[in-house]
């Protein structure tokens, strides 16, 4: 196994971003990424593949817990998933490309 660069060992990592549902900052959301960046944390995020093959930043295979919708992430296109609201956060599911552009 390759050795990690020291930069990965210095700063805390925010698991799924720095999220706090009570404040409307949902895990793996753009807001959670912005909060982690503001705190100086690294970010761990989860990836699911949309039906079209595009990578989406979303933890669960199933949409229910975080969107209130039935079905699996893999059952919808990225374009459709980007319209699904995250419950309690006022945001939608980001693509990996959008997420990486935010943290660049």
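Since every read-out is calculated from the coordinates, none of them should be taken as a lab result. Predicted model only: the values in this text are computed from it and were never measured. Here Cβ is always computed from backbone atoms with ideal geometry, including for glycine, and neighbour counts include all displayed protein chains.
Springs join every pair of Cα atoms under 10 Å in this Gaussian network model of the chain, and among 82, 34, 49 the largest mean-square fluctuation is at 82.
Length gained on full extension, residue 21 to residue 79: 18.4 nm, using 0.36 nm per residue less the C-alpha separation. The order of 8, 99, 84, going from fewest to most other C-beta atoms within 10 Å of their C-beta, is 8, 84, 99.
Can you give the calculated 222 nm mean residue ellipticity of the chain, where each DSSP H run of n ≥ 4 adds -39,500 (n - 2.57) and the sum is split over every residue, rounded to the nearest 500 deg cm²/dmol? Helix-only estimate at 222 nm: -6500 deg cm²/dmol. Panel order for 60, 83, by other beta carbons found within 10 Å of each beta carbon, from fewest to most: 83, 60. The ellipsoid equivalent to the alpha-carbon distribution of the chain has semi-axes of 24, 16, 11 angstrom, derived from the gyration tensor eigenvalues as √(5λ) and listed largest first.
Expected output is a single nm value to one decimal: the length gained when fully extending between residue 92 and residue 7, i.e. 0.36 nm times separation in residues minus the C-alpha distance. What is it?
Between residue 92 and residue 7, full extension yields an extra 27.6 nm.
On C-alpha positions alone, give me the angle between the axis of helix 30-39 and the longest principal axis of the chain, in degrees, nearest 10. It works out to around 10 degrees.
Hey, fewest Cβ within 10 Å first, where do 44, 98 land in order?
Listed from fewest to most nearby Cβ atoms, that is 44, 98.
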